[in-house]
Structure formats: structure tokens, C-alpha cells
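What follows is a short report on a single structure.
Quick note: the coordinates plus some simple rules give every number you see, no bench work behind them. Values in this document were obtained by computation on a predicted structure and should not be read as measured data. When we count neighbours, we look across all protein chains shown, and the Cβ atoms used for this are built from the backbone with ideal geometry, even at glycine.
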């Protein structure tokens, strides 16, 4: 079983744009987004993936994750079966200290939302904090992509 351990933060500025070494456009949809499992289809430029995620731990830092690369054509076909609310975002990659920070700048209905994720090896692991890192939102389900697909950021009050 593969367990993903990550922490999420909001970005407080756009420093990540000049610090990143790469960026990719990502489009993703959800075949299933119930509370017990999420089945996601993702196209990231010339690669595509089918991902299954389980229930998050109580603190929101870890959950089961299974991922398999599929062809872009297969992903495009599966996108047609997805629930309403396709997510589009630009992902920036920034290596800082010993960690990789992935910064998601959401587009479309979730514009103006920027979420930073960092994977860690264990829950208490410390890491250097880049200048753009704001408040922690780990475990806050409203920042999960599956939630954003149904409750877009533009509708938040």
C-alpha cells in the first residue's frame, strides 16, 4: 500500500513564479469523489494518470494513493465520464532545501486560489519554508481538488 504524506499551505505572494524550475498545465476530472475514495483522471501536458485516493487521516496529512500512467487518449476518453466540475491549473515546481514544493495556481472557476503542497517522509518532518508559504490548510477539505470541482473558489464568501 502506498501512503502519501503531504502538507498544504496557501501562497501569500507570487515569488514561486521566479523560483520555479518548471511549470505544467494540468486538467483533471473525477470519476468518483465520495468521502471514502476519490478516483481522478489527470492530463499533464503529454502524460496522463488514473489515481485512486483513500480517506485522509484525522489530521489530513496522509492517505492511501494508487496511481497508474495511462495514455493521453485514454484519459481524454475518461474525462467524458467525469463528474461535473473539471479542474484546470498551472503547477509550478520549486526545489527548496531538501523538499520539492508544488504550487498549484488554479484557473477558471477557481482562479485566484494558489495552494502549495510539500510531500514529507513522516508527519513531524521539518522543512525550510520558502518566502511564498502562507497559512497551513492541511486537512481542510475545502482545499481538496475534489471539493473545488463541486464548490468553486469563485463562489466562496
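Things worth noting here:
- Segment 61-157 - percent relative contact order, Cα under 8 Å, separation 6 or more: 25
- Cα-projected label distance for residue 2 with residue 91, points at 7 Å along beta-carbon direction, nm: 1.2
- Per-residue [θ]222 nm for the chain (sum of -39500 (n - 2.57) over DSSP H runs n ≥ 4, rounded to 500): -3000 deg cm²/dmol
- Between segment 72-96 and segment 112-157, the C-alpha centres lie 17 angstrom from each other.
- Whether segment 30-107 is rounded, prolate or oblate, judged on the alpha carbon gyration tensor where a/c under 1.5 counts as rounded: oblate
- With each label modelled as a point 7 angstrom along the Cα→C-beta vector, the residue 25-residue 72 pair spans 1.1 nm.
- Simple spin-label estimate for residue 49 and residue 12 gives 2.9 nm between the two label positions (7 Å along the Cα-to-Cβ direction from each Cα).
- Within the listed set 76, 128, 23, the residue fluctuating most in the Gaussian network model of the chain (springs between alpha-carbon atoms under 10 angstrom) is 128.
- Order of 122, 94, 151, 99 under a 10 Å beta carbon neighbour criterion, fewest first: 122, 151, 99, 94
- With all pairs of separate Cα atoms included, the chain yields a Kirkwood hydrodynamic radius of 16.1 Å.
- Backbone N under 16 Å from the residue 83 label point (7 Å along Cα→Cβ), restricted to segment 28-51: 28-42, 51
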